[in-house]
């Protein structure tokens, strides 16, 4: 985890990732919040909660 977001385990991190930062920017653009678990699950999965207010 870096800055509260999961980090890819692939060697070429500049060209690989989960896209969580893009998801965060999109959710924030619409006045919402994005939350991820502080740690990855043992099987390598993580959870993302996106909360976006209705218009």
* Report, by residue number, each residue of region 38-54 that is modelled with pLDDT of 75 or more and exposed (fewer than 10 other Cβ atoms within 10 Å of the Cβ). => 53, 54
* Asked: Given (1) modelled with pLDDT under 70; (2) surrounded by fewer than 13 Cβ atoms within 10 Å (Cβ to Cβ); (3) touching a strand residue (DSSP E or B) at 6+ places or on another chain (Cβ under 7 Å), where does residue 6 come up short, assuming only one miss?
  -> (2)
* Asked: From the set of residues in region 9-26 that are loosely packed, with under 14 Cβ neighbours inside 10 Å and at pLDDT 70 or above, which is nearest to residue 45 (Cα to Cα)?
  -> 9
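The values are calculated or read from the model by the stated rules, or taken from the named source; none is laboratory data. The structure displayed is predicted, hence computed values, not measured ones. Every residue, glycine as well, gets a Cβ built from its backbone with ideal geometry; the counts of neighbours run over all protein chains shown.
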